Amino acid sequence: KKASIGVTGLAVMGRNLARNLARHGHTVALHNRSEQRTRDLVEQFGDEGEFIPAYSAREFVDALERPRQVVIMVKAGRPTDAVIEEFAPLLEPGDVIVDAGNAHFADTRRREAALREQGLHFVGTGVSGGEEGALHGPSIMPGGSKESYESLGPLFEDISAKVDGEPCCTHVGADGAGHFVKMVHNGIEYADMQLIAESFDLLRGAAGYEPAQIAEVFRNWNTGRLDSYLIEITSQVLAHTDAGTGKPFVDIVTDQAEQKGTGRWTVQIGLDLGVPISGIAEAVFSRSLSGSADLREAARGLGGPARTPLSPLSGSEASAFADDVEQALYASKVVAYAQGFNQIQAGATEYGWDIDLGKVASIWRGGCIIRAKFLNDITAAYADEPGLPTLLTSGGFRKAVEDAQDSWRSVIATAVRLGIPTPGFSTALAYYDGLRAERLPAALVQGQRDYFGAHTYRRVDKGGSFHTAWATDDRAESTA
Ligand code: NDP
């Protein structure tokens with residue numbers, strides 16, 4: 001018997017993906033650069049399903065049914081290229097190579113183009129949900145050709161997370177579309193986490209709540225429109241007490257957030273595409289600021305309000321403030337997601353991908369870190385209006401954000417007054433106000449640009465480009 005799919009790269013992610021496939025009744029060929037991982041998998045989990053261990057590339061390829069489907073789950077970057085170089089010559093036209101690692105979508109585009117020349121399908125696939133997701137059902141975001149999805153899709157849909165009976169897997173779009181969408185997913189994850197962290201900081205710094213009380217506030221929020229995995233785990237982290245010291249867990253952890261780099265990619269690409277994803281950018285920069293230990297040490301004595309409430313809030317005031325923070329968090333979250341979906345749309349336009357944004361929201365409902373009830377509303381918004389320019393103008397979100405805005409503004413004002421940094425909340429509101437503004441001071445910027453660089457400007461009352469002779473007394477205007 002041959003295997004319907006093979007996995008090469010059997011570290012934690014590859015091993016769990018292979019086990020997930022086998023547990024769903026698929027025969028899985030196994031391969032890893034060093035043989036031990038293959039042997040270990042068969043030894044420890046061989047009874048979970050049908051595995052065909054292979055100890056050479058040739059043996060692995062020969063174990064596969066045609067068209068062969070090879071999933072690569074190795075360290076992203078050079079190792080992925082090395083594995084492709086090893087396997088591609090052994091494959092035949094029509095075979096499929098899947099890269100399920102965290103590749104940059106530009107690498108995926110390059111690899112796809114090169115392998116297409118050889119008649120091979122190359123599918124860059126976003127896989128979200130970490131090792132638990134890989135084993136129990138991840139959100140899967142495959143790119144590549146439509147044809148490759150015909151054979152691969154049923155397998156991936158089978159092992160993906162399910163929500164309301166629907167698989168959290170869809171063919172995202174051609175070549176690098178899957179990895180692009182996975183990248184933006186991670187960027188949105190950064191923004192969401194930052195907004196939740198700011199909410200915590202405000203509830204503690206402005207309302208005077210203790211972490212255990214804030215855990216309760218989050219638990220409560222998790223029963224409403226903010227119902228999500230991130231709110232749930234936040235509540236658990238905040239409720240946790242350090243066994244050794246008896247202190248709240250959040251107080252014994254170094255306040256320097258780390259990052260593996262996909263948030264940074266999202267921001268870099270946002271800049272390249274000219275999409276203002278300020279929520280994601282502020283989240284990435286906030287982690288960088290937190291990690292700038294020497295700089296923070298040097299700046300520690302800088303003047304500003306004390307980080308304690310100006311006048312302690314009464315119980316009912318604190319609870320009203322918590323309600324305001326919930327509104328601010330919700331509105332800021334809508335902005336961050338609106339920006340992220342606009343980035344996916346911009347990527348689709350730039351690279352010629354046909355991406356169904358509502359479907360993307362729906363496959364993030366399970367298996368991944370940003371899984372949330374809220375995503376149903378995004379799917380509905382795009383179903384109502386496929387060409388929606390921004391989530392902010394869709395009926396439901398528009399009303400919710402308009403209703404939230406008094407609280408949103410007041411929370412930010414309080415934060416500013418108390419010196420509590422809320423870059424995520426603030427940039428989200430600035431974006432909202434920027435989008436809805438009748439006139440922006442960009443007109444003045446255009447004037448400045450024309451003054452020092454003769455960059456020209458357009459007029460509101462007639463067509464064409466104009467330049468003003470700023471250096472002359474008459475400042476005559478000419479068409480440019
Ligand atoms: P690692 O990223 O730690 O990679 C280890 C695996 O890569 C091993 O199988 C190793 O083989 C193999 N490898 C490394 N270099 C080479 C090479 N030059 N040639 C052949 N094989 C090589 O494994 P993970 O399981 O943590 O992650 C796999 C992929 O999944 C990565 O791209 C990672 O970014 C992504 N990932 C995704 C997560 C998610 O939530 N979606 C979470 C974690 C990872 P050997 O045993 O011989 O050393």
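Within region 218-234, being under 21 Å from Ile252 (Cβ atoms) and open to solvent by 10 Å² or more (accessible area, probe 1.4 Å) holds for Ile233, Thr234.
Taking the criterion of being part of a helix (DSSP H, G or I) and either in contact with a strand residue (DSSP E or B) (Cβ under 6 Å, 6 or more places away or on another chain) or more than 13 Å from the ligand (Cβ to nearest atom) (or both), the residues of region 125-148 that qualify are Lys146, Glu147, Ser148. Could you say whether any residue in region 203-211 is on the phi > 0 side of the Ramachandran plot and surrounded by 21 or more Cβ atoms within 10 Å (Cβ to Cβ)? Checked region 203-211: no residue is on the phi > 0 side of the Ramachandran plot and surrounded by 21 or more Cβ atoms within 10 Å (Cβ to Cβ).
Residue-by-condition table, conditions (1) β-branched (Val, Ile, Thr); (2) more than 10 Å from the ligand (Cβ to nearest atom):
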| position | (1), (2) |
| --- | --- |
| Ser34 | no, no |
| Val42 | yes, yes |
| Val70 | yes, yes |
| Val74 | yes, no |
| Thr80 | yes, no |
| Pro89 | no, yes |
| Pro93 | no, yes |
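The single condition among (1) at pLDDT 95 or above; (2) open to solvent by less than 80 Å² (accessible area, probe 1.4 Å) that Leu418 does not satisfy is (1).
Within region 219-234, track down each residue that is in a loop (DSSP other than H, G, I, E, B) and hydroxyl-bearing (Ser, Thr, Tyr). Can you show your working first?
Filtering region 219-234 down to residues in a loop (DSSP other than H, G, I, E, B) leaves 222-227.
Answer for region 219-234, where residues must be in a loop (DSSP other than H, G, I, E, B) and hydroxyl-bearing (Ser, Thr, Tyr): just Thr223.
Of all residues in region 235-247, how many are open to solvent by 40 Å² or more (accessible area, probe 1.4 Å) and either over 21 Å from Gly205 (Cβ atoms) or not polar (S, T, N, Q) (or both)? Looking only at that region, the number is 9.
Looking at Asp294, Asp324, just one residue is without any contact (Cβ under 8 Å) to a residue 40 or more places away in the chain and farther than 16 Å from Tyr382 by Cβ, and that residue is Asp294.
In the set (1) without any contact (Cβ under 8 Å) to a residue 40 or more places away in the chain; (2) open to solvent by less than 20 Å² (accessible area, probe 1.4 Å), the condition left unmet by Ile370 is number (1). Would you please name the residue that is nearest to the ligand (Cβ to nearest atom), looking only at residues in region 48-66 that are open to solvent by less than 70 Å² (accessible area, probe 1.4 Å), in a loop (DSSP other than H, G, I, E, B) and under 20 Å from Ala22 (Cβ atoms)? Looking at the filtered set, the residue picked out is Ala54. Selection of region 152-167 for residues being under 22 Å from Arg109 (Cβ atoms) and surrounded by fewer than 22 Cβ atoms within 10 Å (Cβ to Cβ) yields only Gly153. For the residues Phe105, Phe122, the requirement of being more than 10 Å from the ligand (Cβ to nearest atom), touching a Phe, Trp or Tyr at 6+ places or on another chain (Cβ under 7 Å) and either farther than 26 Å from Arg39 by Cα or not basic (Lys, Arg) (or both) singles out Phe105.
You will find that of Glu117, Glu166, Glu157, the residue that is touching a residue at least 24 places away in the same chain (Cβ under 8 Å) and away from the ligand (no atom under 13 Å from the Cβ) is Glu166 and no other.
Kindly establish whether Gly101 is part of a loop (DSSP other than H, G, I, E, B) and touching a Lys or Arg at 6+ places or on another chain (Cβ under 8 Å). For Gly101, the condition - part of a loop (DSSP other than H, G, I, E, B) and touching a Lys or Arg at 6+ places or on another chain (Cβ under 8 Å) - is met. Going through Ala82, Ala11 one at a time, which residue ends up being open to solvent by 10 Å² or more (accessible area, probe 1.4 Å) and free of Cβ contacts under 8 Å to residues at least 12 places away in the same chain? It is Ala82.
One line per residue, one yes/no per condition, for (1) within 23 Å of the chain's Cα centre (by Cα); (2) more than 29 Å from Gly367 (Cα to Cα):
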| residue | (1), (2) |
| --- | --- |
| Ala207 | no, yes |
| Pro211 | no, no |
| Ile214 | no, no |
| Asp227 | yes, no |
| Ser235 | yes, no |
| Phe249 | no, no |
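Kindly establish whether Thr38 is without any contact (Cβ under 8 Å) to a residue 60 or more places away in the chain, of a type in the set (S, T, N, Q) and away from the ligand (no atom under 16 Å from the Cβ). No; evaluated as a whole, the condition is false for this residue.
Scanning region 226-275 for residues that are touching a helix residue (DSSP H, G or I) at 6+ places or on another chain (Cβ under 8 Å), β-branched (Val, Ile, Thr) and more than 25 Å from Ala372 (Cβ to Cβ) returns Thr241, Thr245.
The values are calculated or read from the model by the stated rules, or taken from the named source; none is laboratory data. From a predicted model like this one, the values you see are computed outputs, not experimental measurements. For neighbour counting, all protein chains shown are included, and Cβ atoms are generated from backbone atoms with ideal geometry for every residue, glycine included. For accessibility, only protein heavy atoms count, side chains too; no ligands or nucleic acids. Shrake-Rupley method; radii C 1.70, N 1.55, O 1.52, S 1.80 Å.
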